[in-house]
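Enquirer: Submitted below is the structure of interest, expressed as structure tokens.
The values are calculated or read from the model by the stated rules, or taken from the named source; none is laboratory data. Source: prediction; values computed, not measured. Every residue, glycine among them, receives a Cβ derived from its backbone with ideal geometry; neighbour counts consider all protein chains shown.
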Amino acid sequence: MWNLARFAASSLGRSRRFSTAIPGPCIVRKRGADILHDPWFNKDTGFPLTERDRLGLRGLLPPRVISFEQQYDRFMNSYRSLEKNTQGQSDKFVSLSKWRILNRLHDRNETLYYRVLIDNIQEFSPIIYTPTVGLVCQNYSGLFRRPRGMYFSAKDKGEMMSMIYNWPAQKVDMIVLTDGSRILGLGDLGVQGIGIPIGKLDVYVAAAGINPQKILPVMLDVGTNNPKLLEDRLYLGLRQPRLEGDEYLSIVDEFMEAVHARWPKAIVQFEDFQMKWAFETLQRYRKKFCMFNDDIQGTAGVALAGLLGAVRAQGRPLSDFVKQKIVVVGAGSAGLGVLNMAVQAVARMVGCSETAAKSQFFLIDKDGLVTTERCHLDPAAAPFAKSPRDVEGLSEGAPIIEVVKKVKPHVLVGLSGVGGIFNEEVLKAMRESVSTKPAIFAMSNPTMNAECTAADAFKHAGENIVFASGSPFQNVDLGNGKVGHVNQANNMYLFPGIGLGALLSGARLITDGMLQAASECLASYMTEDEVLKGILYPSINSIRNVTAEVGAAVLREAVAEGLAEGNSDIGFKELSLMSKEETVEYIRDNMWYPVYSPLVHEK
């Protein structure tokens, strides 16, 4: 049982304890070459001689024993050589080359892979996650070498309850699930979308310390409507149109029931579902299973943290958020998710209804400004449609430039998936919108779909702006020693903490309150000096610290809402007695870190 007295110990030297602590032994039922072919147990040339003897490895490896640190350095040297040898090649070629070398290490030695990833997270997250993961998904059938995760298809209907037991792990804590219908801004990539759950779960391991033996990437293959894939001889998925309606939902229902039957405490994260199914499945399952949708709720949480930071960057009190005029371009799952969470925040601050809180928000979709006069108004967008009397001078379908000039928003948020839609004219109009630091959030992924680049934003909207993006851009040199700070509004600031906090609290559900707590925690992470410089988000290098804080905030909210049931180590009563500092320490102490464990053979 976990003991509160543990918190009396100093946390100094935390980073050193990972490398000096002696891990407990790990029982294996394999010997010889079978161990070398298992990436979880394989240590390559790092097996000590005593292990080589007891595991039947003598003669199967070169005689010299190479330490973990030496293996680490050898890989990094190979990676640096790759960078040098690919200079002058296309960005696509370089990105895929980097992904391949990391993937080969992942296939061979998971412990070393995750250590490399954790220690170099800022450099490697764009390779294993956004934006390179989109390129990987587009080419996945050709890149496929070794199966990873599980595939449940429309052909498996009626078999999923038994199929789930084919996964070898006795316990699974975290599942990321996609149906491949809307991969980033790339559309329907079918079964090739499995790259997204794989990349997300690597981030869970690196940022949240989820044990990689307890993660499960899942592809739900219900067909594809992408004609290129259906005609591709190498395509690995079902060559049939996507299921729709009740047929589709019956497949997802069966999967969710199967997962819950075997691992009732597992957290399920839905990822990259097309909008209609993203909202439908979220509402269908969120009160029954411990699940959330990262595109709707994770993106919204990170965006809300940025929106709250933008108010602070303008030198105004946080309470002025309720006065901010915000234009959101993009009425997909991410755009509507941002609007919903921002409206909830305003309603909570002011103590008004969500209907009253919507007055400051404007929604633009592919057909322009969304108003109540629109024919065939999308039900999901309808709550944000403006009445003509509320937008005097603007008509139904007004384009972005007209809306910006008329509304004069404090913040322009792009979640459209249309690259360059924030053109020079729109950016110059934002310069005139407010006197102090207008905010421009170009949040669509991948990079080619960003609404504008950082360089264009600072060039046309002026130096006096706050800029955030979904994809990584370099800071902009403004001359005279000034820097235009780029804030990557990256979901990895939130989803690892949401998942870890829910897991360690033993939460039955993930609620709006828990998501709001995560977002507000992230918003408060930056110091006042940093925010006034236009820096809204911390360095990715501090992601484990960020995740610990966010996870603790989620855990405390789960306790406050009476949803925390505790876990195998600690019960609800002990969780409820923890101080804020103790919850953070508890989260930190439960993060897995990669070190080689002594292996002991058991028949």
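Enquirer: For the stretch 416-435, which positions are assigned to a loop (DSSP other than H, G, I, E, B) and touching a residue at least 24 places away in the same chain (Cβ under 8 Å)?
Expert: Taking the stretch 416-435 first, the residues assigned to a loop (DSSP other than H, G, I, E, B) are 416-423, 432-435.
The answer is S416, G417, V418, G419, G420, I421, F422, N423, E432, S433, V434.
Enquirer: Just one of (1) without any contact (Cβ under 8 Å) to a residue 24 or more places away in the chain; (2) more than 18 Å from the chain's Cα centre (by Cα); (3) under 28 Å from M291 (Cβ atoms) trips up L555, so point out which.
Expert: Status for L555: all satisfied but (1).
Enquirer: Sticking with this structure for a sec: List the helices (runs of 4 or more DSSP H) inside the stretch 33-129, counting only whole elements, that have at least 1 residues being within 25 Å of I198 (Cβ to Cβ).
Expert: It comes to 33-36, 68-85, 91-108, 110-119, 121-128.
Enquirer: Scan the stretch 54-110 residue by residue and report those that are touching a strand residue (DSSP E or B) at 6+ places or on another chain (Cβ under 9 Å) and among the charged types (D, E, K, R).
Expert: Listed by number, the list holds a single entry, R54.
Enquirer: Can you list the helices (runs of 4 or more DSSP H) found entirely within the stretch 519-595 that contain at least 3 residues being of a type in the set (A, V, I, L, M, F, W, C)? So that I can check it myself, show each step before the final result.
Expert: Values: elements: 528-532, 543-560, 572-577, 580-589.
So the answer is 543-560, 572-577.
Enquirer: I'd like to check something: does the stretch 250-261 contain any residue that is surrounded by fewer than 21 Cβ atoms within 10 Å (Cβ to Cβ) and touching a Ser or Thr at 6+ places or on another chain (Cβ under 8 Å)?
Expert: No: zero hits.
Enquirer: Ok, one more. Being over 19 Å from the mean Cα position of the chain (by Cα) and of a type outside the set (S, T, N, Q) is the filter here; which residues of the stretch 124-147 pass it?
Expert: Scanning the stretch 124-147 gives Y140, G142, L143, F144, R145, R146, P147.
Enquirer: Could you say which residue among A303, A382 is of a type in the set (G, A, S) and surrounded by fewer than 21 Cβ atoms within 10 Å (Cβ to Cβ)?
Expert: Answer to the selection: A382.
Enquirer: Out of the stretch 436-465, which residues are under 15 Å from H410 (Cβ atoms), part of a loop (DSSP other than H, G, I, E, B) and in contact with a helix residue (DSSP H, G or I) (Cβ under 6 Å, 6 or more places away or on another chain)?
Expert: K437, P438, A461, G462
Enquirer: For the stretch 171-214, how many residues meet the condition of being outside any helix (DSSP H, G or I), closer than 13 Å to E271 by Cβ and at pLDDT 95 or above? Outline the logic, then answer.
Expert: First, pick out the residues of the stretch 171-214 that are outside any helix (DSSP H, G or I): 171-189, 209-211.
Now restrict to residues that are closer than 13 Å to E271 by Cβ: 174-184, 189.
Next cut, at pLDDT 95 or above only: 174-181, 189.
Looking only at that region, the number is 9.
Enquirer: Still on this model: What do you reckon, is S319 out of contact with any Leu (no Cβ under 8 Å at 6 or more places or on another chain), buried (at least 24 other Cβ atoms within 10 Å of the Cβ) and among the polar types (S, T, N, Q)?
Expert: no
Enquirer: How many residues, within the stretch 193-222, are farther than 16 Å from I118 by Cα, basic (K, R) and buried (at least 24 other Cβ atoms within 10 Å of the Cβ)?
Expert: Qualifying residue count, the stretch 193-222: 0.
Enquirer: Across the stretch 385-428, what is the total count of residues that are surrounded by 18 or more Cβ atoms within 10 Å (Cβ to Cβ) and on the phi > 0 side of the Ramachandran plot?
Expert: Qualifying residue count for the region: 1.
Enquirer: Somewhere in the stretch 10-22, is a residue closer than 18 Å to V65 by Cβ, out of contact with any helix residue (DSSP H, G or I) (no Cβ under 9 Å at 6 or more places or on another chain) and at pLDDT below 95?
Expert: Checked the stretch 10-22: at least one residue is closer than 18 Å to V65 by Cβ, out of contact with any helix residue (DSSP H, G or I) (no Cβ under 9 Å at 6 or more places or on another chain) and at pLDDT below 95.
Enquirer: So in the stretch 279-300, with the set limited to residues that are more than 18 Å from L500 (Cα to Cα), without any contact (Cβ under 8 Å) to a residue 60 or more places away in the chain and within 19 Å of the chain's Cα centre (by Cα), which one is surrounded by the fewest Cβ atoms within 10 Å (Cβ to Cβ)?
Expert: Looking at the filtered set, the residue picked out is L282.
Enquirer: Being over 18 Å from L307 (Cα atoms) and outside any loop (DSSP other than H, G, I, E, B) is the filter here; which residues of the stretch 466-494 pass it?
Expert: V476, D477, L478, G479, K482, V483 - these are the residues of the stretch 466-494 that are over 18 Å from L307 (Cα atoms) and outside any loop (DSSP other than H, G, I, E, B).
Enquirer: Okay, moving on. Checking the structure you have, find out if any residue of the stretch 548-563 is touching a Phe, Trp or Tyr at 6+ places or on another chain (Cβ under 7 Å), within 18 Å of N490 (Cβ to Cβ) and not basic (K, R).
Expert: Yes: the stretch 548-563 contains one or more residues that are touching a Phe, Trp or Tyr at 6+ places or on another chain (Cβ under 7 Å), within 18 Å of N490 (Cβ to Cβ) and not basic (K, R).
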